[in-house]
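Here's the structure, in structure tokens; my notes come after.
The values are calculated or read from the model by the stated rules, or taken from the named source; none is laboratory data. A quick note: this is a predicted structure, and the numbers were derived from the prediction, not measured. Because the Cβ atoms are built from the backbone with ideal geometry, glycine has one as well, and the counts that use them run over all protein chains shown. The protein model used for the area step is the full one, side chains on, heavy atoms only, and it has no ligands, DNA or RNA in it. Shrake-Rupley method; radii C 1.70, N 1.55, O 1.52, S 1.80 Å.
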Number of protein chains: 2
Amino acid sequence: MPNLRNQSTDTLLYVNKVIDSFFSERIKEAELISPFYAQLWSDIARLIHAGGKRVRPKMTVLAYEAFGGKDSKVIYPVAASQEFLHLSLLIHDDIIDRDSVRYGVDNIAGAYEKNYYAHVEDSADRGHYAQSAALLAGDLLISSSYRLLSESRVAPELLSKVLAIHSQSIFEVAGGELIDTESAFRPLGSIDSHTVALYKTASYTFVAPLLIGATLAGVSQQTIQSLIVFANNLGTAYQLRDDVIGVFGDESQIGKTTIGDIREGKHTYLVEQFYALASTEEKVHFELYFGDQHVQKNEVESIKKLFVSTGALARVELAITHYADAAQEAARAFNVDDVYRAEFEQLVTAVTKRDK
Amino acid sequence: MPNLRNQSTDTLLYVNKVIDSFFSERIKEAELISPFYAQLWSDIARLIHAGGKRVRPKMTVLAYEAFGGKDSKVIYPVAASQEFLHLSLLIHDDIIDRDSVRYGVDNIAGAYEKNYYAHVEDSADRGHYAQSAALLAGDLLISSSYRLLSESRVAPELLSKVLAIHSQSIFEVAGGELIDTESAFRPLGSIDSHTVALYKTASYTFVAPLLIGATLAGVSQQTIQSLIVFANNLGTAYQLRDDVIGVFGDESQIGKTTIGDIREGKHTYLVEQFYALASTEEKVHFELYFGDQHVQKNEVESIKKLFVSTGALARVELAITHYADAAQEAARAFNVDDVYRAEFEQLVTAVTKRDK
């Protein structure tokens with residue numbers, strides 16, 4: 001995704017500064033417990049700097065500034081907390097999806113497989129211990145997201161409001177994640193991809209970060225409502241784009257495998273549209289490989305061709321345009337300076353037209 | 001553990017009420033996302049009522065009342081938050097230890113194995129999906145522990161202090177858990193069981209719950225320091241007792257297998273003492289079974305005999321007495337009414353003499 005605004009570089013810089021200083025403190029403290037614990041924190045620090053577009057912190061800062069917030073000392077740590085939540089979800093998501101690469105480098109489990117190589121002979125055991133380290137890393141990041149919020153300079157009377165939004169977003173994303181995972185084996189139709197998009201993605205990527213920023217800027221309840229409409233539409237478009245990239249993207253660009261979604265048999269909107277459009281023969285072909293743990297690259301290629309030839313991909317593109325338009329309409333109603341309205345609009349374009 | 005005090009039954013009752021009402025709200029909200037998500041919340045609610053001595057909530061209430069706190073509306077939700085953290089750790093711990101039973105019933109992963117039976121044919125896949133549900137359940141409980149704190153009626157200026165103690169305890173317990181897990185395969189001596197006891201157990205079981213209660217009662221920094229000494233000694237004694245019960249306990253009483261620690265090859269203080277005392281021959285015998293994923297009941301019995309015959313068990317009992325005495329000494333210095341001092345002293349006895 002291209003930079004969203006001039007100040008975007010500043011946001012990135014300051015948020016990364018907060019992250020850096022948080023991790024160097026934790027590594028020092030962990031060292032007092034055990035060098036093995038410091039290793040885990042160093043590995044999390046390595047991963048958070050290996051990639052990530054800081055979309056969620058940018059949302060928090062954008063909403064805060066657009067609606068009149070001025071105190072950068074308050075907002076950057078709050079914004080960084082949203083990146084911690086994101087990374088915790090990625091790390092736990094990778095355990096669930098059995099992936100060992102993230103941002104084009106070893107994720108926590110991947111790094112620990114290597115770390116434990118000399119100590120654990122049995123490869124299944126080693127994998128299990130590596131996943132256990134990743135499990136703890138994700139737990140620590142959830143806690144750290146709350147910690148950054150509660151250590152921030154947010155006024156005491158606003159802190160519990162911000163924490164409530166944060167807790168709600170974790171409640172929603174875990175629900176989205178659960179049903180997304182179960183969609184691999186529940187009957188088609190029992191879990192709707194739109195619900196998954198709203199709860200797994202829109203909620204913690206756009207709704208909560210924007211609402212936290214806006215709340216700290218002191219907006220009205222009406223503005224909160226229009227931000228939710230904006231964020232839900234934007235988030236849905238974002239997830240649909242993600243589903244497309246997850247299958248059709250360039251692996252070297254996106255830093256992870258494009259086999260995963262097919263291998264895990266995720267019932268994305270793309271898959272729903274395929275089922276709505278495909279012939280019986282095409283479905284039989286599809287089900288040969290979809291959800292197969294040992295699916296091969298060339299088999300994935302044949303699935304991709306089916307998504308195109310049936311028109312499923314085109315339908316997803318249409319839906320993305322629909323949700324993007326709805327988000328644009330909501331943004332036009334925001335009571336902000338034109339320069340910020342333009343940013344919200346550019347954001348929609350950036351999110352929906354990206355290829356990584 | 002026997003009841004600690006007359007009010008202990010009240011604590012149990014009120015804390016369980018908070019827990020009940022929290023879960024019925026979450027189940028209702030989860031239903032709006034998907035019945036599959038409501039299922040997960042129902043399952044967590046089932047598990048939290050299947051057992052648990054509510055030790056940590058009792059600590060919070062005890063410290064609060066002993067040091068002069070009077071507002072029960074404030075303290076019970078705060079106390080319940082400590083049980084949520086505990087359950088999250090148990091659920092994630094069970095993933096790490098590959099256990100499917102807790103409190104004598106199916107844990108989350110165990111229940112989901114059955115839940116998914118009709119939907120996922122491959123048993124390895126089914127196990128993986130069941131663990132994924134358990135992973136999310138633990139994440140939700142970490143977040144819920146913060147949520148209860150931030151929704152509580154704690155005065156705004158105290159909330160960030162309480163959250164800081166809570167975050168610190170999660171930081172410490174994750175470190176303790178990591179090195180405890182790694183102790184199964186790191187060289188003997190590189191991870192010290194005393195450090196594990198302090199961080200894996202004392203920290204979140206005694207230090208944080210007591211400090212949170214005392215902080216809300218408005219104690220001095222000096223009292224905080226003496227509470228830490230008390231809690232660290234008590235917690236260490238508690239963990240040593242746990243190690244003994246984990247191997248020598250009655251499975252029907254403790255609600256989990258007594259094979260686990262031997263199977264996972266945990267380097268507890270008991271094991272450290274065995275190595276300090278055993279002959280080469282005894283060590284060879286020991287290492288035949290210790291850390292063996294397929295260890296049998298009768299082999300575990302022969303290990304237990306070795307712990308007794310070498311005097312390792314007796315050394316652990318001596319250490320428990322030592323830490324219990326140190327905790328008693330700290331309690332004598334507390335500036336509280338005699339009735340509360342007696343409770344702190346009874347607590348030490350209850351914790352160190354228990355058999356489950």
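Within the stretch B:256-303, which residues are charged (D, E, K, R), more than 28 Å from B:Gly52 (Cα to Cα) and in contact with a Ser or Thr (Cβ under 8 Å, 6 or more places away or on another chain)? If the condition is that a residue be charged (D, E, K, R), more than 28 Å from B:Gly52 (Cα to Cα) and in contact with a Ser or Thr (Cβ under 8 Å, 6 or more places away or on another chain), then B:Glu272, B:Glu282 are the ones that fit.
Please indicate, with yes or no, whether at least one residue in the stretch A:278-287 is touching a residue at least 24 places away in the same chain (Cβ under 8 Å) and open to solvent by less than 30 Å² (accessible area, probe 1.4 Å). Yes, some residue in the stretch A:278-287 is touching a residue at least 24 places away in the same chain (Cβ under 8 Å) and open to solvent by less than 30 Å² (accessible area, probe 1.4 Å). Name the pairs: first residue in the stretch B:71-100 and without any contact (Cβ under 8 Å) to a residue 40 or more places away in the chain, second residue buried (at least 23 other Cβ atoms within 10 Å of the Cβ) and not in a helix (DSSP H, G or I), Cβ to Cβ under 8 Å, at least 6 apart or on different chains? The qualifying pairs are B:Leu90/B:Asn107; B:Ser100/B:Asn107. Residues in the stretch A:169-191 that are over 18 Å from the mean Cα position of the chain (by Cα), in contact (Cβ under 8 Å) with a residue 24 or more places away in the chain and more than 7 Å from chain B (Cβ to nearest Cβ): 3 in all. With respect to the conditions (1) open to solvent by less than 50 Å² (accessible area, probe 1.4 Å); (2) more than 28 Å from A:Leu240 (Cα to Cα); (3) facing chain B (nearest Cβ under 7 Å); (4) assigned to a helix (DSSP H, G or I), A:Glu157 falls short on a single one, namely (1). Among the conditions (1) at the interface with another protein chain (Cβ under 8 Å from one of its Cβ atoms); (2) at pLDDT below 95, B:Ala164 misses just one, which is (2).
The residues of the stretch A:82-136 that are open to solvent by 30 Å² or more (accessible area, probe 1.4 Å), more than 12 Å from chain B (Cβ to nearest Cβ) and in a helix (DSSP H, G or I), listed by number, are A:Glu113, A:Lys114, A:Ser123.
Picking from residues in the stretch A:141-168 that are polar (S, T, N, Q) and touching a residue at least 60 places away in the same chain (Cβ under 8 Å), the one that is farthest from B:Ser34 (Cα to Cα) is A:Ser152.
Need pairs with beta-carbon distance below 9 Å; first residue polar (S, T, N, Q) and within the stretch B:312-327, second modelled with pLDDT under 95; sequence gap 6+ or separate chains. Pairs that qualify, where the first residue is polar (S, T, N, Q) and the partner is modelled with pLDDT under 95, are B:Thr321/B:Thr352.
Across the stretch B:338-352, the number of residues qualifying as charged (D, E, K, R) and exposed (fewer than 13 other Cβ atoms within 10 Å of the Cβ) comes to 1. Among the residues of the stretch A:240-275, just one is among the small types (Gly, Ala, Ser) and open to solvent by 40 Å² or more (accessible area, probe 1.4 Å), namely A:Ser252. Name the residue that is surrounded by the most Cβ atoms within 10 Å (Cβ to Cβ), counting only residues in the stretch A:192-203 that are within 11 Å of chain B (Cβ to nearest Cβ) and part of a helix (DSSP H, G or I). Among those that are within 11 Å of chain B (Cβ to nearest Cβ) and part of a helix (DSSP H, G or I), it is A:Val196. Total residues in the stretch B:160-191 satisfying the condition of being in a helix (DSSP H, G or I) and open to solvent by 30 Å² or more (accessible area, probe 1.4 Å): the figure is 6. Out of all the residues in the stretch B:291-314, which are in a loop (DSSP other than H, G, I, E, B) and either touching a strand residue (DSSP E or B) at 6+ places or on another chain (Cβ under 8 Å) or open to solvent by 30 Å² or more (accessible area, probe 1.4 Å) (or both)? Those that are in a loop (DSSP other than H, G, I, E, B) and either touching a strand residue (DSSP E or B) at 6+ places or on another chain (Cβ under 8 Å) or open to solvent by 30 Å² or more (accessible area, probe 1.4 Å) (or both): B:Gly291, B:Asp292, B:Gln293, B:His294, B:Gln296. Regarding the stretch A:54-64, can at least one residue be identified that is open to solvent by 10 Å² or more (accessible area, probe 1.4 Å), within 14 Å of chain B (Cβ to nearest Cβ) and part of a helix (DSSP H, G or I)? No: the stretch A:54-64 contains no residue that is open to solvent by 10 Å² or more (accessible area, probe 1.4 Å), within 14 Å of chain B (Cβ to nearest Cβ) and part of a helix (DSSP H, G or I). Condition check for B:Tyr112 on (1) aromatic (Phe, Trp, Tyr); (2) under 25 Å from B:Gly260 (Cα atoms); (3) in contact with a Leu (Cβ under 6 Å, 6 or more places away or on another chain): one failure, at (3).
Which is within 14 Å of chain A (Cβ to nearest Cβ), surrounded by 18 or more Cβ atoms within 10 Å (Cβ to Cβ), at pLDDT 90 or above and in contact with a helix residue (DSSP H, G or I) (Cβ under 7 Å, 6 or more places away or on another chain), of B:Ala231, B:Ala208, B:Ala237, B:Ala214?
Numbers: B:Ala231 fails: within 14 Å of chain A (Cβ to nearest Cβ); B:Ala237 fails: within 14 Å of chain A (Cβ to nearest Cβ); B:Ala214 fails: within 14 Å of chain A (Cβ to nearest Cβ).
So the residue among B:Ala231, B:Ala208, B:Ala237, B:Ala214 that is within 14 Å of chain A (Cβ to nearest Cβ), surrounded by 18 or more Cβ atoms within 10 Å (Cβ to Cβ), at pLDDT 90 or above and in contact with a helix residue (DSSP H, G or I) (Cβ under 7 Å, 6 or more places away or on another chain) is B:Ala208.
Counting only residues that are under 27 Å from the mean Cα position of the chain (by Cα), of a type outside the set (A, V, I, L, M, F, W, C) and assigned to a helix (DSSP H, G or I), the stretch A:262-290 holds 7 of them.
For A:Gln328, the requirement of being within 19 Å of A:Arg241 (Cα to Cα) and out of contact with any helix residue (DSSP H, G or I) (no Cβ under 9 Å at 6 or more places or on another chain) is not met. Selection within the stretch B:30-51: residues that are open to solvent by 20 Å² or more (accessible area, probe 1.4 Å) and out of contact with any Phe, Trp or Tyr (no Cβ under 7 Å at 6 or more places or on another chain). The member of this set that is nearest to the other protein chains (Cβ to nearest Cβ) is B:Phe36.
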